[in-house]
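The values are calculated or read from the model by the stated rules, or taken from the named source; none is laboratory data. Note that this is a predicted model, so its numbers are computed, not measured. All Cβ positions, even for glycine, are placed from backbone atoms using ideal geometry, and neighbour counts span all protein chains on display.
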Amino acid sequence: MSKSVNGSDRIVGPSPHIASSATCTGIMLWVVAALTPAALWAVVNMGLVAVQLLVVTIGVALGTEWAVNSISRKPQTLLDGSALVTGLLLAMSLPPRTPWWMAAIGAFVAIWLGKLLFGGLGHNLFNPALVGRAFVTLSWGGVLAGVQNRGWFATLADVSAEGLDTVSGATRLAVAAADRAASGGYGFDLAAQYQPLLLKNLEGSLGEISAGLLILGGLVLIVKGIIDWRIPAGYIGTMGLVSWAFGSDPIFHVLAGGVMLGAFFMATDYVSSPMSKKGRLIYGIGCGLFNALGRFIGPMPESTTFAILFMNGLAPLIDRLTRPRVFGVVKTDA
Amino acid sequence: MGRSVFAGGVHPPGHKESTAGSPVQWAPVPARLVVPLSQHLGAPCAPVVGKGDRVERGQVIGDVDAMVSAPIHSPVAGTVAEIGTTLVAGGQRVAAVIIEPDEVQDLASFVPIEASDDPRACVRAAGVVGMGGATFPSTVKLTPPKGMAIDTVILNGCECEPFLTCDHRLMLEEPERVVAGAVRIREMIGAKRVIIALEDNKPDAAAALRAAAADGIEVTELPTRYPQGAEKQLIYALLKKEVPHGKLPAATGALVHNVATAVAIADALESGKPLTERIVTVTGAVARPGNYRVVIGTLVSDLIEHAGGLVGEVERVISGGPMTGMALGSLEVPITKGSSGIVALPKGMAAPAISDDQPCIRCGRCPAVCPMGLEPYILATYAGKRMWDAAAERNVIDCIECGACSYVCPTKRPLLQLIRVGKSAAMSKGAK
């Protein structure tokens, strides 16, 4: 790069001399915009607790990014927008009454362990928000599924005492799983749940309040060319298919739990998903398969987090197996 | 008609509106011409005139006895002021004949080339090279290796680079000359099929060509998508044949020439006219964008002045198109046989200065747009880490340097530049 010799500000550089308007920050802000309707709807319905959760996860995510970069004397990366997305996604994946310190720890783990320890944006093997959520789930799993009574200001002692109370805030999905385990059938009409799940369902995480608004946001990202339709299509399609194969209601199962947030917003994370089109379809199918298997034969009512994290781990292998064919090269499979 | 396509590609904004409607006009002959003696791929020419010599328009001023070369002719009548050197668009300094043109020029006349029964000899004598930008001597291309039968001649009028409209205007204004070029090349090669291909953003040119096309010359419109005009992608789009890895495009039985080259070939064969001028699109941030017929050796600065000068803050001045052209460090470089355009990119439109510390966020855009099916992100990473063998294993040398990967990269990694480094390292290792 050098300035022109004749005194102007002209730049000499290699071709191409024009660039598309796509930027990392722009992409991240589109993801935020696509999540905003669902997040706002959560705030409208849940009020202050949802605001508190969003503020803590986003605040701690941004703060961790800034602090770790500062301490390790790396260039600041707050403006790339990825920490904002991670914080927002983490909030959407948590129940609104998650104790504040739990949300904060989740956000810290997401950014520090999930991303920065790997070398920062672009180097993380796993989706940072899911790493944070997995940490919280594994540490205080019963709490997330159950304790809603004390909520925001619950202490660790409260949590320990009430951790096994899974009744007060159990989701439809947990009830369905319990019913299935008890009788092989369901104690309620799954089809009657479509509408609340799509529009207004006040059980579970912020991201479970309206599957409809998440679908809307996801479609916007597909239309804008920001995410590849193959991942959510493979995911949701397989989820429905396997649910059907297990003799359950496929529509209920794709609308309930973390599927829509996972399929449109978590599994589509660029860094932790495969690069090739074919690879993305395979990966989406894998996410759907393991999510469904986790639900039907796993120990927990929901398994979105671990299904996607598992497929994150397979993404490099999928990339290896789905390399594009080079133009003019005849494939000779050895 | 089915929509012929190739894999990958991008849709940069065309920016062709400001010149697509500008009829070609002669640019004035400047007071001083700088005619480089190397305007083609291959051996540079040696001057055959000396300081103070009188030269006529069309007279040979440089030549060399080499297979891959093309002679250079005086574009004007005038006097040789000096045999010196000049910077050219690529940044190299090459030998040049500097000519002071006579005040009165008759641009309609010229000294014809030496007549010959061998059409290939005529094409060489006229100094015809690929005018799409590659500047490969046309005679060499018209002489396919023994045992390689060419059945299809493709004239490339795609002009897939943004901003450029010189080929568009040529096809629109002189369709019969383009067709004449097609006929001449067909005769020379003995091809069965001739296709004139252009992108579907030039329907007027397509109509003009169809009206002028005679005896079985096909005019095919292809979807507008960069790099539709790249040789391999064009052959694939038209014939659904892939140029095999490591082979010449002729291995598919197809021979591709740019439309302006075809006209130069027809001119050489029909009237003995040497290649001494060309149409140049001068566009972007200039006061009077347009298409100009420019004598070779006109300085870019003269041409920009004729176009009313640069307007506003111009960040890069490109020789050629913005995807594959060269950013000029100095405007005191001459127009050559391969100069299709001069594009002044204003601030905000030019790509940001490259920096190599941007992370790959694995968005998947670059492998999706690579027309060669490569994985640019990984090739660039290997090149950055000097892992030449790994880059070679992933076919780095198949890169056609179209720049689609760098264009789409959201973090603005200098993908193509890194790949070029990897490619040249892999090629020099392979040569050993």
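Some observations on this one:
- B:V60 being buried (at least 16 other Cβ atoms within 10 Å of the Cβ) and either in contact with an Asp or Glu (Cβ under 6 Å, 6 or more places away or on another chain) or among the aliphatic types (A, V, I, L, M) (or both): yes
- Condition met for B:G284 (more than 8 Å from chain A (Cβ to nearest Cβ), surrounded by 24 or more Cβ atoms within 10 Å (Cβ to Cβ), over 17 Å from the mean Cα position of the chain (by Cα) and farther than 18 Å from B:M131 by Cα): yes
- Picking from residues in the range B:408-423 that are of a type in the set (A, V, I, L, M, F, W, C) and over 10 Å from B:T381 (Cα atoms), the one that is nearest to the other protein chains (Cβ to nearest Cβ) is B:V408.
- Selection of the range B:306-331 for residues being at negative phi, of a type outside the set (V, I, T) and more than 8 Å from every other protein chain (Cβ to nearest Cβ) yields B:H306, B:A307, B:L310, B:S319, B:G321.
- Taking the range A:296-314 as the range and being assigned to a helix (DSSP H, G or I) and closer than 26 Å to A:V271 by Cα as the test, the residues that pass are A:T304, A:T305, A:F306, A:A307, A:I308, A:L309, A:F310, A:M311, A:N312, A:G313, A:L314.
- The residue pairs whose first member lies in the range B:241-256 and is within 11 Å of chain A (Cβ to nearest Cβ), whose second member is surrounded by fewer than 18 Cβ atoms within 10 Å (Cβ to Cβ) and part of a loop (DSSP other than H, G, I, E, B), and whose beta carbons are closer than 6 Å, counting only pairs six or more residues apart or on different chains, are B:H245/A:V329; B:A251/B:P244; B:T252/B:K241.
- Conditions (1) of a type outside the set (D, E); (2) out of contact with any Phe, Trp or Tyr (no Cβ under 9 Å at 6 or more places or on another chain); (3) modelled with pLDDT of 95 or more; number of the one not met by B:A251: (3)
- Among residues of the range B:71-119, those that are over 24 Å from the mean Cα position of the chain (by Cα) and not β-branched (V, I, T), counted: 20
- Complete set of residues in the range A:69-108 that are modelled with pLDDT under 95, among the β-branched types (V, I, T) and buried (at least 24 other Cβ atoms within 10 Å of the Cβ): A:T98
- Failed item, numbered, when B:L303 is tested on (1) without any contact (Cβ under 8 Å) to a residue 60 or more places away in the chain; (2) assigned to a helix (DSSP H, G or I): (1)
- Filtering the range A:229-270 to residues that are surrounded by fewer than 19 Cβ atoms within 10 Å (Cβ to Cβ) and not in a loop (DSSP other than H, G, I, E, B) leaves A:A233, A:G237, A:L241, A:W244, A:A245, A:I251.
- Filtering B:V256, B:V294, B:V280, B:V311 for residues that are among the hydrophobic types (A, V, I, L, M, F, W, C) and in contact with a Phe, Trp or Tyr (Cβ under 7 Å, 6 or more places away or on another chain) leaves a single hit, B:V280.
- The set of residues in the range A:119-135 being surrounded by fewer than 24 Cβ atoms within 10 Å (Cβ to Cβ) and at the interface with chain B (Cβ under 8 Å from one of its Cβ atoms) consists of A:G120, A:G122, A:H123.
- Residue count for the range B:192-240, restricted to those that are more than 14 Å from chain A (Cβ to nearest Cβ), small (G, A, S), surrounded by 21 or more Cβ atoms within 10 Å (Cβ to Cβ) and in a helix (DSSP H, G or I): 2.
- Leading residue by the ranking (surrounded by the fewest Cβ atoms within 10 Å (Cβ to Cβ)) among those in the range B:357-369 that are more than 7 Å from chain A (Cβ to nearest Cβ) and over 19 Å from B:V396 (Cα atoms): B:D357
- Test for A:T98: is it part of a loop (DSSP other than H, G, I, E, B) and either under 23 Å from the mean Cα position of the chain (by Cα) or among the hydroxyl-bearing types (S, T, Y) (or both): yes
- The set of residues in the range B:372-401 being more than 20 Å from B:K241 (Cα to Cα) and not in a helix (DSSP H, G or I) consists of B:E375, B:K385, B:R386, B:M387, B:R394, B:E401.
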